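The values are calculated or read from the model by the stated rules, or taken from the named source; none is laboratory data. Computed from a predicted model, the values in this text were never measured in an experiment. Note: ideal-geometry Cβ built from the backbone for every residue, glycine included; neighbour counts use all protein chains shown.
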Amino acid sequence: MPDRLFPEPQSPVQVLEARMHSNWEHIRRARERAHNKRDALKSALAGFDSEDTSVVVFGSLARDEFTDGSDIDWTLLIDGSADPKHLELVHAVDEVVARQAAKSPGREGTFGKMVFSHDLIHQIGGEDDTNRNTTQRILLLLESAVVGRKDAHDRVINGVLQRYLSEDEAFIHRATRYHVPRFLLNDFGRYWRTMAVDFAYKRRTRFGQGAALRNIKLRMSRKLIFVSGIITCFSRELQLPDITGSRLSDLPPSDAVCIDCLRRFLRQTPLEILAGTLLHLENVNVEDLATNLFGSYDEFLGILSDATLRKHLDELDARKQYEDETFLRARELTHRFRDALLQLFFERNNKLSTLTKIYGVF
Amino acid sequence: MRPIGFSSGALAFADFRRAIAMLHGKDIHCLELSALRENELDPLLDSLDELDLAQFAYIAIHAPSGFSPQREECIADRLASTAFSRKWPVILHPDAVHDANLWRKLGRFLCIENMDKRKPVGRTAEELECVFDLFPEATLCFDIGHARQVDATMTEAYLILTSYHDRLQQVHMSEVNTRSKHDPLSVASVLAFRDVADLIPPEIPVILETPVHEELVLEEIGRAADALPTRELAAAS
């Protein structure tokens, strides 16, 4: 029997690349590397998970932007009974992942450990919604992938989405002019600002070490996550299709339908969400925007894929970055990316522009 | 009120005679005769003519949840014979099947149950699609406790009910705990089940799989009715 009964649908990024007659080589290679690495992890971690535990990866590996220098951010997501053996399981997973990774997970201690579903679902806002909890919850929605059994991962994502949607009275009852999940969008916005503020925090506490590389990542990959979150929240109004081609606007109004449609929309990577938007939005100059958005992003991944350039940026003294040729080149890419996003969100499509002003600004 | 009854296995495990006696004389008209273990099937089928089942307007029979490939044909044949002669649906776990051809002959009397989270197939609307491709005439036994265990938001329950509403034959109801065991209904499960109550037509039989003592049978039926209010009852309250 073949592995797949039906061929996997082509990624919107590939469709856009073909339509543009472009060659986004670094994006393509990063996607291949991510798929290969996830497959390798899945094989190596077979049997480590269960119906109550999923090994979840985040970051570039989940976004299909994996380079040879990328670390592997992961958690053991638990949605079931507490078990003293879970700690041993975490150590065992850590050993396997460490053998597959170029370096250890981030220093903040957000990854490489066990995470329980209850805090992710119940602690949204308030003092108990720590920086770590917010990060894990938002990244679970915007850039997570499972290696192995997905049961727990699926359940927790449903639970989190239900919190955001069912408590959003205006969204559920369609009481506003536009059908946008404001509670969810506000948390995506909060997380984006948290990342930006934490950039300053890390620059200070690490005495500038690694700040140049983090600066470029903040302006590109971190910003892309936020962009994909905004588009997800606008997807119903913009009539964007999810990964199966269904549109939320075509479906009957229901809490469960909205959760199901958003979770399918979020199965796309941030780059796929952005590419899908360019492909389906009307009155958009696709050529110009695709060249600048995906061209700049491809070059950005090219820099991250080049071990010498990556190391140079990682070790660059933050006080000298504005004199550094590599940093300035990367910074120019971030400006191209930003300017194209500003055009997309504010100038090219009236609906998107209106939504962005109302829900993204005031 | 909806037609609500019990599974004999929930009330008295393999002792179906005792389970029927526990329901005798009560205003309960639905029954599922359970033979969840393979060795329970022959004694049950051999006794059917002797049982007093007159009070039950709806009866289903639950096939064993596991059996060897060598025994499968014999089990399917015996159940098919009972189903055809008595017009009873046969509830089957899709993961128990080794050879689909042996069960396909039950046609519309085959009633496929959606599974709990431990099982490799039949847990979600998407997974059930493959099962119904194998059994195009089969109906659905919607286990609302399983659906809630797979997805506490009841999104999966919604998707199963809306995807297969034409196939819906009966409902299984219980609290399914973290070890996938059936428990009596809790307040949390009652609240969750209400989310999809409108998607279950009022005439569909509900079979409780909750292990309760005889003196609590009617109370549990009341709790089940509370979990799945019909539109008229909900409006009246």
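Residues in region B:194-215 that are free of Cβ contacts under 8 Å to residues at least 12 places away in the same chain and β-branched (V, I, T): there are none.
Taking every residue in region A:205-223 that is β-branched (V, I, T) and pairing it with any residue that is surrounded by fewer than 20 Cβ atoms within 10 Å (Cβ to Cβ), at least 6 positions away or on another chain, the pairs with Cβ-Cβ distances below 8 Å are A:I216/A:R331; A:I216/A:T334.
Just one of the numbered conditions (1) within 14 Å of another protein chain (Cβ to nearest Cβ); (2) touching an Asp or Glu at 6+ places or on another chain (Cβ under 9 Å); (3) in contact (Cβ under 8 Å) with a residue 60 or more places away in the chain is not true of A:R267: (3). Counting only residues that are assigned to a loop (DSSP other than H, G, I, E, B) and away from every other protein chain (no Cβ under 14 Å), region A:67-87 holds 9 of them. Given the structure, is A:V156 outside any helix (DSSP H, G or I), in contact with a strand residue (DSSP E or B) (Cβ under 8 Å, 6 or more places away or on another chain) and modelled with pLDDT of 95 or more? Taking the combined requirement at face value, the residue does not satisfy it.
Let's see how each residue does on (1) modelled with pLDDT of 90 or more; (2) closer than 14 Å to A:P181 by Cα; (3) in contact with a strand residue (DSSP E or B) (Cβ under 7 Å, 6 or more places away or on another chain); (4) within 14 Å of chain B (Cβ to nearest Cβ):
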| position | (1), (2), (3), (4) |
| --- | --- |
| A:T244 | no, no, no, yes |
| A:L251 | no, no, no, yes |
| A:V257 | no, yes, no, yes |
| A:A275 | yes, no, no, no |
| A:E282 | no, no, no, no |
| A:S305 | yes, no, no, no |
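Answer yes or no as to whether B:A147 is among the small types (G, A, S), in a helix (DSSP H, G or I) and modelled with pLDDT of 95 or more. For B:A147, the condition - among the small types (G, A, S), in a helix (DSSP H, G or I) and modelled with pLDDT of 95 or more - is met. For B:G66, the criteria (1) away from every other protein chain (no Cβ under 14 Å); (2) among the small types (G, A, S); (3) outside any helix (DSSP H, G or I); (4) crowded, with 17+ Cβ neighbours inside 10 Å hold in every case but one, which is (4).
For beta carbons closer than 7 Å, sequence separation of 6+ or different chains, a first residue in region B:20-31 that is over 16 Å from B:P3 (Cα atoms) and a second that is hydrophobic (A, V, I, L, M, F, W, C), the qualifying pairs are B:I20/B:L51; B:M22/B:L11; B:M22/B:A12; B:M22/B:V217.
Quick one: how many residues across region A:48-66 are away from chain B (no Cβ under 14 Å) and either among the small types (G, A, S) or surrounded by fewer than 21 Cβ atoms within 10 Å (Cβ to Cβ) (or both)? The qualifying residues number 4. Taking the listed residues A:L341, A:L352, A:L289, A:L279, the one that is surrounded by 13 or more Cβ atoms within 10 Å (Cβ to Cβ) and under 19 Å from the mean Cα position of the chain (by Cα) is A:L341, with no other qualifying.
Can you confirm whether region B:72-95 contains a residue that is under 30 Å from A:I157 (Cβ atoms), away from chain A (no Cβ under 14 Å) and free of Cβ contacts under 8 Å to residues at least 60 places away in the same chain? Yes. State which residue is farthest from B:E220 (Cα to Cα) when the search covers only region B:186-196 and only residues that are surrounded by 12 or more Cβ atoms within 10 Å (Cβ to Cβ) and more than 13 Å from chain A (Cβ to nearest Cβ). The selected residue is B:F193. Exactly one residue out of B:F6, B:F16, B:F56, B:F84 is modelled with pLDDT of 95 or more and either of a type in the set (A, V, I, L, M) or more than 29 Å from B:L218 (Cα to Cα) (or both): that is B:F84. Of all residues in region A:126-164, those satisfying the criterion of being away from chain B (no Cβ under 14 Å), free of Cβ contacts under 8 Å to residues at least 60 places away in the same chain and of a type outside the set (K, R) are A:G126, A:E127, A:D128, A:D129, A:T130, A:N133, A:T135. Tell me, please, whether a residue that is in a helix (DSSP H, G or I) and either over 17 Å from the mean Cα position of the chain (by Cα) or within 26 Å of B:G222 (Cα to Cα) (or both) can be found in region B:115-123. No, region B:115-123 contains no residue that is in a helix (DSSP H, G or I) and either over 17 Å from the mean Cα position of the chain (by Cα) or within 26 Å of B:G222 (Cα to Cα) (or both).
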